[in-house]
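Notes to accompany the following structure.
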Amino acid sequence: MRWLKTGLGRLLLCCASAPLPSIASAATEAPTVQALLAEQDAALVNGLARWHENAYAVPDDIALDSSLRDAAAQLARDHVARLKTLIPAWIAEERAAANNPNLRGADLHQALYLRSLNEIAIASVESAGPALDEAWLKAALAPKACSTLPAAYFGRRIAMIQAAPADARAALLAAEKELLSRVGTTRQGLAARPAAAELMAADHAVTRLREGLPVAAAPMTPFLAAQVFARDRKPAKPDRWEQCAKSQWWLQSQLADVKTDRTRALTVYRYSTMLDVNDFVPAGYKPKAASAPRADGKPAYPAVASFFHVQGESTLQVNVDDQGKAFKTEVVAREMRVPGVRGNRPLAFEALLDDAALDYARQRSYPTGKAGKAEFVMEWNLDKGSDEAK
């Protein structure tokens, strides 16, 4: 997973610190600013293309049929070639937004990197069409779908295609081709992020099982059962294999009910297994913001959101009892801004402020004797170092 942790660093190293071309001799005409800028742009495009080559690589140690490996490699090559034609347009958009035709350096590189991450996240949850969704349901439910999951996004997708029934493979490859063709376009029909209750339903079911309470659910795989019921296990964020197995189990459980909306169930599955941007934060990163709450009770800026320069507004709805205590809180809307993400939702980053917002909503004081629902907006602004609730 090394490329995940150091992708931005490598991109900045290859381009930001590259020396300007030197003049070959006094007789050579001095290059213009435009020529130097064009050379730096070319280096930036090539550097970002190499990052994408890593993101869309399929590791040699994954056991794939030769025909599937060849098809995946061709999809990746075609996609990277297309990206080389898209990235110059992204660079132009950033310069236009900054009103600086000569914009370069870390701010430009970061914007392109974050846009790339967001495009991968969108492809993680986007539908390629109803018929192709049915093929992805077969892949998600395949017994070996969670057995081999490489760190890189595209490698995981191809590993799931390998695990899927053979009769679904052509449709799955067609779905990947369709999704890759949409990169760089504005997607209006992206499914909304499911409510927290939907995304946490599997965890709530697991909690009930651990307490010996009944749950209407499909049988777990031996691997997942061992993870869930390990007596000496300490609470921790699940790794990608466990998260895949848990999401697969819950998808199976939901689809066992004929009344279940299959499209909705697949959407919840996709969001629960989508790209995790936390994997892209360098291990040694230390945020400037304090990790403890501020003296006025407002939360410090979450470290990962700070790293990715996520700003915006969280709209919260809170159920309050007669004693002014919050007993149910929910983020009902988000309007987030992320450098470089233009035309589409910052889907990879939009929930990074949710936990801090919910913690604050639970802990703040509300008027007594006025049971009901309260709604307020939290503004997150890095320039101010924390948030403003209004």
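The values are calculated or read from the model by the stated rules, or taken from the named source; none is laboratory data. None of the values given here were measured: they were computed from a predicted structure. Counting neighbours? That spans all protein chains shown, and the Cβs are built from the backbone with ideal geometry, glycine included. Note: areas computed on protein heavy atoms with side chains; ligands, DNA, RNA excluded. Shrake-Rupley method; radii C 1.70, N 1.55, O 1.52, S 1.80 Å.
Of note:
- Scanning region 56-65 for any residue that is surrounded by fewer than 15 Cβ atoms within 10 Å (Cβ to Cβ), in contact (Cβ under 8 Å) with a residue 24 or more places away in the chain and assigned to a helix (DSSP H, G or I) turns up nothing.
- Listed by position, the helices (runs of 4 or more DSSP H) contained in region 136-248 that have at least 2 residues being within 29 Å of Trp90 (Cβ to Cβ) and touching a residue at least 24 places away in the same chain (Cβ under 8 Å) are 153-163, 169-181.
- Here is the figure for region 103-135: residues that are outside any helix (DSSP H, G or I) and within 16 Å of the chain's Cα centre (by Cα) total 2.
- Test: residue in region 24-38 that is modelled with pLDDT of 75 or more and hydroxyl-bearing (Ser, Thr, Tyr): yes
- Top-ranked residue in region 136-148 [being under 25 Å from Asp61 (Cα atoms) and open to solvent by less than 10 Å² (accessible area, probe 1.4 Å); ranked as nearest to the chain's Cα centre (by Cα)]: Ala140
- The condition of being assigned to a helix (DSSP H, G or I), touching a Gly at 6+ places or on another chain (Cβ under 7 Å) and of a type outside the set (Phe, Trp, Tyr) holds for only one of Leu75, Leu86, Leu68, that being Leu86.
- Scanning region 129-176 for residues that are among the hydroxyl-bearing types (Ser, Thr, Tyr) and either at pLDDT 95 or above or in contact with a Leu (Cβ under 7 Å, 6 or more places away or on another chain) (or both) yields a single hit, Tyr153.
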